[in-house]
Every structure is written in C-alpha cells, then in structure tokens.
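Reviewing the structure listed below.
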C-alpha cells in the first residue's frame, strides 16, 4: 500500500515515523521546503504542555491527545536524541482573584487526567520560582511540563523515519490530487506524479489548500502570529520553571522560559493575520512591546534589553473554531486530514500520529496493518561539546575536524557539522542549507547570530556539496548567500558597455 | 608536547601578535592560540589604506600592516596553534591559570602564569539595534561582507543600504561601489557622522552616496531576500518619530552598527566588565580583575586605529612580564580614573605612579575648542575639537600621577 | 572676463575637517578661504585642479590560500579613472604564489601607477 504524507512538519514527520513501524507500506513524505520542519514547527515556544488547558467538552481531541503526547515525547526525545528538559510549569495568579481561574484549570487537569497538578500558595510559588513576580498570589503547578529543542524535532523524526524505510521528498510541492471513483489515486507535484492509496494532509498553514484539492473545502486555515525575544545564554536573571499567567478573557499573556540553549525567552503574542499572510513571519514593534510589557508583570526582573540576541516570529495554523480537523473521509476514500493543528500541536504530534494510524487508518478505514519485526526506534547523535574529554580526544584523532571549533558561541565543531551534513544527505535533502544546519545544531543562534561563523559554515557546505560559495543558501532557492563572484557586477558593466 | 608557559596569548590578530612578539622580546616563554585557520585577524581582510601612520609612520593597507607584524612574529619562531579554541580558563592559583584548548591536533591542557586575552570584538547584529521585520537572506554585518568580498571573493549583493556611518560602514560603502554595486544610502542614528572626515569625503562624497543623519533602519521587508528597508527619523533621544517612515528598495543590508568586545571565556573566569566599554575593568598594566589575566586590543576597548591595538598588545605583554617575573604585580596604591564632564569611557580604570600610562577615552558628544583637564594633577591639554568617533589618547606621566590622591578625574570642558 | 566658479569642499588633512571654499576664474585659482593651515590650502588646490586617489581592490588568484589577493595602486591616480581601472581589474587572474609588493599590472591605463599585491597569496 502506498501512502503519501503532505508536509514534513512535526505532525507529518511524526505520522511518517509511526507508520514506518508497519510492514508493507511504501511511505512518501513530501515537503515543499528544502528541509523538514522549516515552517510552523521551527518557531514556537517549544513547550511540551501537561494538558490541563483544554476543556474536554469543547476540544475533546486536544484534551485527550495533549496528555498522551506529553508522555510520548518523554520517550521520543530520548529515542531520537532531541534535547529536552522537564522543569514543570507554573500558571501564575498575579492577583488574588486569579486564583479562581487557577482552580478552574485544576478542575480541567482532574478531568483530563494530568498527573501531579496542584495549587501552590505565594510562599511555595516563590520557592519553586525565585524570579517570579513577588506580589503574585499563588499558582497552579504542573510538574509534567517540559521543553524541547523544537527546530530539531521534525528533522530528527524524518531522519529516523527514513532509517526505517520512509522516502523523503524535499522541495516537492503538491499541486493537485488525483481522485477516481471517489478514491484517491495520488498527488501531482512540481516533480511529477506520485501514486497513493492513502493521502495524509499535514500541510500546516496550507492544509486548507491541500484539503480543497481533495474536494474538502469547508474550512480555511488562518495564520496566528507569535512574536518572541531571546536573551543571551549568560543574561540574568533566568527562570527555573516554565512561567505563564492565568489567562484572562482578553489575553493568555506570555510565557517566560529558559530555552534549550539556556537563554531566557519571552513570548508569544497571538495576532490573527488574514488567511493569505501565510509567510508573514515578520516581527513588529507593537508585538514585541506587548511581549515585553506582559513578561515584566510575570517575573521579578527581566535581563537588560541590550542582552537580547534575537527576536523572531512564528505562525500557528488556526482552524475556524479552534478545533483540530483530524479525520478520514468516505469521499474521497483514502484522504485523511491532520489540519489546523494549533497549540498544543507540538506536544500532541506523537499522539496525533498514533491516533491517525490506529483510530483512523486501522479503525475507521479498517485497513489491516502488521507491525514490522524489526523497527529501529533510535536516532543516535552526539555533540562534541557534551562528550567526556577522553572521548573528545579519540574523535579528534579519528578526524581532526572535531577539533576545529566553528561556532564559538555554542562550541560547535566542524566534525559536528560534517556529521549533520552526512545525515542530511542520507535523509534525502537536496539543498544543504545554512538554516538546515542551524536547526540541527544551534550554530548561528548564539551571541554573534552568525556574524562570525556563518561564512565558515557556508564554506563547509560549499566544499561538501561541490557548489560555489555564493550559491550556498539560507533555506533553499532564492536565499543565496551571495550573487556571484566578487567581479560579477563589473563584468556585467563591461559587457553592457561593449554592447 | 610542552604544556607550561609563562604567557599564553589568546587571539592571533594585531593585539595578540604584538603581545606575543613583545613577550618573547622580554624573554618570556610564550604560546599564541588562534581560532581561525590563519593568523592575522581582521586586518587580513582590510584592503584599504589608513593603517600604520602612528606605528610605522607610513600609510599602509590593513593587509600590508598585518603582514609586517606577522613576518616578525614568524621570524622570531614563536610557538602558535591555529584552528585552536580556548574553551575554559580556570584560575588555578594566584600564579597559575589552567587553559583547556580544543585543537585539530588534540585537546591541550595548558598551565600559564599569565594569559593575554586578545580576541577582538564581535559585530552588533540586527536584533541588537531594534530592527524588526523579516529575517531574510541579504542581511550581513560589515565584517562578514568584507570577509566574503576580500577573502573569499564573492559579492553579497547589488543594491546596498548600509547601517552606520562609522569608518567601517564608510569603507564598506566605497568597497561595494568600487566593485560595481550601488550603495543607495548610509543610515546614521546620530545627528553627526560616525567616521573620519577623510572617509566621509573619499568614501561617500567621491561617489555621491547619500548619508541620512538622525535616521534608523527600523524594518526589513522581503519574501526570501531583502526587498526594501523602512527608514525612520529619530528624535533627540534617538527614538523613531512616527510618521517619518520612508521606504528604500534594496537587496542587501549591511550592518556597521558598532562592535562589542567578545569576552565569553574570560567572563566565565570571573573578570569584571565595565558597562561603558563593555570590556574588562583593568589597571594600567592592562590586568583585569582576575590577577594574571591581561587584555588588549578590541577585547579591551573598541579602538579606532590598529596602531593603538598594537600598542595595547605590547603594554599587556609588559604587564605580563612584571607578573611573571615577580609572581604577581607589586602591592600598589591605585588611583581610580574617574569620568568627568563629556567623558563617555575611559581606559585603564586604575593607574599607579610606577610608570607612565597611556589613557584612551571617548567623549559623549562633539565639541569644538575644548580643554581636556585632570584637575587633581593640574594637567590640561587644549584640543581644537573632540568627537565621539575619535578616541582621545593621552599619556599621563608617573610624576603627575604621583600628585593625585585616590582618584584622577578626566573632564572635557569649553576652552574659555 | 572668464567664468567665476566656486568649489566647496571638506578638508581631509586632519580630523578637524575645515570647510574650504575655492574660487576660480577660468582655470586660475583666485582665492582659497576657510582653511586653517597651509596643508589644507595645498589639499584644496590639488582637489580642485587634479584630484587623485589610491585605488584598492582584490583580484582573483589560482592556487592560493584564499581565492583572492588584495591589490592597490602604488601611487594615487586621477580620480576620474577609478571606474576604468576597476573594470581592468575585473578580468585579471593571477597564479599563486604571489608575494607582497609584487606588480600585478604595470602602468595601469598609462597613469604611471602599478597595481601591486598588498597580501601574499
């Protein structure tokens, strides 16, 4: 049986990984970008939510799959060597009356079966989080909350899925869906037709377009923008826990976290954009000011503003009524939507994948699947900087590239980068891009933001892929590092004058 | 392999090379460590002249300047490692530091009596200067653009907007123009240009490049690559004035918005930082607050001229020599150098009357016909003008320093 | 009576940057004002009569440590020739080794100035 998954974000990649556990499937994972996870999955708060924020009556799937996803990520991040940590989360009641809101979420936690959630008073709150606003009344404490390196997630999932037989097609954009007699037959792409008995739509912000190609056009996905600040990894003070505030009817406020590279991060905003603004990941003055203002209410103190090393914005795919559109259809048979996967989408992705494979494919569509006798759950990677010294010595002896530190802010070596390039090639990536390596390593994301190391990285990519330096791209075609060799413009002038 | 040294110099640019040469001349056992695959630091990519007027009394290009120093360094047979990165400096005792160095030949554990930190500066990037908008291709720091063009021989773009009118920005405006690109504008936040008059004339006026004073690039727009920038006037507090936005179409943004000392490793070793210079607090031996760790060049304070950088490298070497020879600097009565009227930064922070001291300072705002005064020691120097972009360099005699109590103030006052 | 022309320029001799005005009648300088030293006056006359600049760039190099070698004119050349000189350099490619000071192009465009390497390759 042939399966096409449209979109290699964290949802599509998770589905590919879960499906790769079964025999007799030819799985094609299609991605329009140069790499997996370059859209929605890359830029978010990266929280693995506990699962007590969704009302099971209003959002049954969100409520159910978030709690399950939280558990699954605990296992998956280990299997796939995705950096993760589990600091727990405090929903802070800034004012006394906010404790009532916290109580409401405690109730949801009970109904959703979230372990360990309880109310804490002012004194315990300050013990759990010394940098919280000292005037806060108390908080709801959810110890199962985690954080992960979300840019690494989709690439790691795909690497593992490919290891288990999935075929990855980057820079492959779906332009149409072929349906005959009410059944899907395959997808048209910029690289030709791919046959399919099952098509799973995990196209993120574009899931409405893909769904419409299959004739299911009752919904639209609009982008919701979230803007963030990231501080340098030595900017103090930080927070020990994931901190946010009790939501109000007007705003959910913002999160304050210490992200996986150990820098404080604050955000996001939640600005609804028109449906067509699906690429607008620009930051705005207003949005960033909002983030700063709300973060300040939440903590005792933020690091000075001049310690900010990055601002960014990401888009979340927002379905019409907040409900995920996860379903298999009778007409066309074989088409499955995983659309509008807004928050808690990252957390739930593994659970969504299991839901689709177990309850939709095997359940609703009644397709019998058999587990493989051998399936490799592991993606083993290492970082030079985290190894014990003897191991480092050994690696340098094997390959001196491990002794060349390319990114000084994050201590990433040429050997680490060569490993990544090797894995990218193996995974089937056509364009080894600067961002592809950044997502997998954190290079160019430290204090210098690439002003020192980007050219060194570009030189390595040029050498390893045999292209001129200027043709190395940030993230695929149209984002080249340069426009030609140093004399390209003068030669053009000479030529023009001669004509 | 030997692993004990009198001095380990970190950084193979002009400050580090000069420090290593001087250390060797003073008879110290010295090792130099450089992160990149070649020695020379930033001047290797500076093809323009204006280097060496003080130090060699000749007008050289950056490349020529550094090769003179480099030749001397290599001729002296000083030990060095390229492709080597110091990950840690641990103050082991008052007299020794342990350094962990990752190199492509293995991991080195070094014991050094003194360390001279000369790692230079990093460039401020778009997120530090409040630029919002799209994070697309076509945005470079000036140094990165210079490396691309003048080392690796590739052209970053065609329609260029440069942010910052310091010498770096002006020189890049000329470099881009010479190679056939169109520099649409240089945008300067301050109400006056940041660079030397000579560079305003020869880099901008020669080519008719417009300079926008009191303007900021507030936003970058583009889908995959830069398509335009939004520039905005700023008020006297340097805040954007709403309603003054203007669009400039371009495919490339070059950020020459200033440098910051790059100090990751010694910050972890406990060195105290001066918020004004963003470099370490030092005494007149250029020793930081961690005994035996010295600092020089742009890691100490952002300099205008490579000549000063070299001078500081030599000074730090002399400090290291004192430290190594005597097992530490002598117990001294330090006088604090205090910033007075119109003085924004001042290095070193503490001086003693054991030797003459070169001090480096910058003013807050431009002024004409002024006196630089040191009231506690009765010293006065008349200057026709002062500008924030031009470092003031004055030698204080030890006999003068001896006159002061516990502090020496430097102030810039109108000359009446 | 020949035409009277005024030139306004900024002196670059020292960082003071005097605003100098040069008044010419035909091709004769009649007055220089605004400068505060004789070197400034000399500069102003030179700038008005025959401005000159040192040109610097890089040219491509084969087999060197870097793909380029930096070059300059070994003396100032007439300002108006700069674009032509740059176009000449666009098609130059040299072979390593190149030593610092090596002449890459002799007497470029008849200016009497040589293009010389300012970095080894």
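Suppose we filter A:376, A:337 for residues that are touching a strand residue (DSSP E or B) at 6+ places or on another chain (Cβ under 7 Å), under 30 Å from residue A:4 (Cβ atoms) and modelled with pLDDT of 95 or more; which single one remains?
On the way: A:376 fails: touching a strand residue (DSSP E or B) at 6+ places or on another chain (Cβ under 7 Å).
Every option except A:337 fails the conditions.
Taking the range B:111-127, which residues are more than 7 Å from chain A (Cβ to nearest Cβ) and buried (at least 21 other Cβ atoms within 10 Å of the Cβ)? Quick ask: steps written out before the conclusion?
Residues of the range B:111-127 that are more than 7 Å from chain A (Cβ to nearest Cβ), as a first pass: B:111-121, B:124, B:126.
Passing the criteria: B:112, B:113, B:114, B:115, B:116, B:117, B:118, B:119, B:120, B:121, B:124, B:126.
Within the range A:245-272, which residues are assigned to a loop (DSSP other than H, G, I, E, B) and either within 14 Å of chain B (Cβ to nearest Cβ) or surrounded by fewer than 17 Cβ atoms within 10 Å (Cβ to Cβ) (or both)?
Correct list: A:247, A:248, A:249, A:250, A:251, A:252, A:261, A:262, A:263, A:269.
So which residues in the range B:262-281 are surrounded by fewer than 18 Cβ atoms within 10 Å (Cβ to Cβ) and within 20 Å of residue B:33 (Cα to Cα), if there are any at all?
Across the range B:262-281, the qualifying residues are B:267, B:268.
Restricting to the range C:84-105, name every residue that is in a loop (DSSP other than H, G, I, E, B) and in contact with a strand residue (DSSP E or B) (Cβ under 8 Å, 6 or more places away or on another chain).
Result: C:92, C:96, C:98, C:99, C:100, C:101, C:102.
Test residue B:184 against the criterion of being within 7 Å of chain A (Cβ to nearest Cβ) and surrounded by fewer than 22 Cβ atoms within 10 Å (Cβ to Cβ), and give yes or no.
So residue B:184 does not fit the description; no.
Please pick out the residue among A:90, A:19 that is farther than 29 Å from residue A:327 by Cβ and buried (at least 18 other Cβ atoms within 10 Å of the Cβ).
From the options A:90, A:19, the qualifying one is A:90.
Identify the single condition in (1) surrounded by 16 or more Cβ atoms within 10 Å (Cβ to Cβ); (2) under 30 Å from residue B:58 (Cβ atoms) that residue B:351 does not satisfy, given that it satisfies every other one.
(2)
Among C:29, C:85, C:100, C:105, which is over 15 Å from the mean Cα position of the chain (by Cα) and facing another protein chain (nearest Cβ under 10 Å)?
Being over 15 Å from the mean Cα position of the chain (by Cα) and facing another protein chain (nearest Cβ under 10 Å) holds for just one of C:29, C:85, C:100, C:105, which is C:100.
Kindly establish whether residue B:85 is modelled with pLDDT of 95 or more, part of a helix (DSSP H, G or I) and either away from chain A (no Cβ under 14 Å) or in contact with a helix residue (DSSP H, G or I) (Cβ under 9 Å, 6 or more places away or on another chain) (or both).
No; evaluated as a whole, the condition is false for this residue.
Residue-by-condition table, conditions (1) farther than 18 Å from residue A:48 by Cα; (2) surrounded by 22 or more Cβ atoms within 10 Å (Cβ to Cβ); (3) touching a residue at least 12 places away in the same chain (Cβ under 8 Å); (4) not assigned by TED's automatic domain parsing to the domain that holds residue A:298:
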| site | (1), (2), (3), (4) |
| --- | --- |
| A:108 | no, no, yes, no |
| A:111 | yes, no, yes, no |
| A:123 | yes, no, no, no |
| A:127 | yes, no, no, no |
| A:134 | yes, no, yes, no |
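Which members of the range A:451-474 meet the condition of being more than 8 Å from chain B (Cβ to nearest Cβ) and either free of Cβ contacts under 8 Å to residues at least 24 places away in the same chain or outside any helix (DSSP H, G or I) (or both)?
A:453, A:462, A:463, A:466, A:467, A:471, A:472
Considering only residues of the range A:488-499 that are more than 7 Å from chain B (Cβ to nearest Cβ) and either touching a helix residue (DSSP H, G or I) at 6+ places or on another chain (Cβ under 6 Å) or in a loop (DSSP other than H, G, I, E, B) (or both), which is modelled with the highest pLDDT?
A:491
Give the residues of the range B:164-180 that are in contact (Cβ under 8 Å) with a residue 40 or more places away in the chain and within 13 Å of chain A (Cβ to nearest Cβ), sorted by residue number.
B:168, B:175, B:176
Where residues in the range A:395-447 are closer than 17 Å to residue B:85 by Cβ, part of a helix (DSSP H, G or I) and away from every other protein chain (no Cβ under 13 Å), which of them is modelled with the highest pLDDT?
Out of the qualifying residues, it is A:417.
Looking for whichever is within 12 Å of another protein chain (Cβ to nearest Cβ), in a loop (DSSP other than H, G, I, E, B) and farther than 22 Å from residue A:443 by Cα here; the options are A:280, A:233. Which one fits?
It is A:280.
Please return the ranges of strands (runs of 3 or more DSSP E) entirely within the range B:228-330 where 1 or more residues are within 14 Å of chain A (Cβ to nearest Cβ) and touching a helix residue (DSSP H, G or I) at 6+ places or on another chain (Cβ under 8 Å).
On the way: elements: B:228-233, B:246-249, B:252-255, B:259-261, B:293-295.
Result: B:252-255, B:259-261.
For the range A:291-311, give me the residue count where each residue is crowded, with 20+ Cβ neighbours inside 10 Å and either within 14 Å of another protein chain (Cβ to nearest Cβ) or outside any loop (DSSP other than H, G, I, E, B) (or both). Spell out how you get there, then give the answer.
Taking the range A:291-311 first, the residues crowded, with 20+ Cβ neighbours inside 10 Å are A:291, A:294-295, A:298-299, A:302, A:308-311.
So of that shortlist, the ones also either within 14 Å of another protein chain (Cβ to nearest Cβ) or outside any loop (DSSP other than H, G, I, E, B) (or both) come out as A:291, A:294-295, A:298-299, A:308-311.
Within the range A:291-311, residues that are crowded, with 20+ Cβ neighbours inside 10 Å and either within 14 Å of another protein chain (Cβ to nearest Cβ) or outside any loop (DSSP other than H, G, I, E, B) (or both) number 9.
Is one or more of the residues making up the range B:47-63 within 11 Å of chain C (Cβ to nearest Cβ) and closer than 29 Å to residue B:324 by Cβ?
No - not one qualifying residue is present in the range B:47-63.
Just to check your reading of the model, which residue among B:401, B:394, B:377 is more than 26 Å from the chain's Cα centre (by Cα) and without any contact (Cβ under 8 Å) to a residue 40 or more places away in the chain?
B:377
Quick check on the range A:387-395. Is at least one of its residues under 27 Å from residue A:217 (Cβ atoms) and buried (at least 16 other Cβ atoms within 10 Å of the Cβ)?
Residues of the range A:387-395 under 27 Å from residue A:217 (Cβ atoms): none.
Within the range A:387-395, none of the residues are under 27 Å from residue A:217 (Cβ atoms) and buried (at least 16 other Cβ atoms within 10 Å of the Cβ).
Go through the range A:136-148 and give me each residue that's assigned to a loop (DSSP other than H, G, I, E, B) and crowded, with 20+ Cβ neighbours inside 10 Å.
The first filter runs over the range A:136-148 and keeps only residues assigned to a loop (DSSP other than H, G, I, E, B), leaving A:136-137, A:143-145.
Correct list: A:136, A:144, A:145.
Looking at (1) touching a strand residue (DSSP E or B) at 6+ places or on another chain (Cβ under 8 Å); (2) closer than 25 Å to residue C:58 by Cβ; (3) within 14 Å of chain A (Cβ to nearest Cβ), find the lone condition where residue B:68 falls short.
Unmet condition: (3).
The values are calculated or read from the model by the stated rules, or taken from the named source; none is laboratory data. Please read all numbers here as calculations on a predicted model, not as lab measurements. Because the Cβ atoms are built from the backbone with ideal geometry, glycine has one as well, and the counts that use them run over all protein chains shown.
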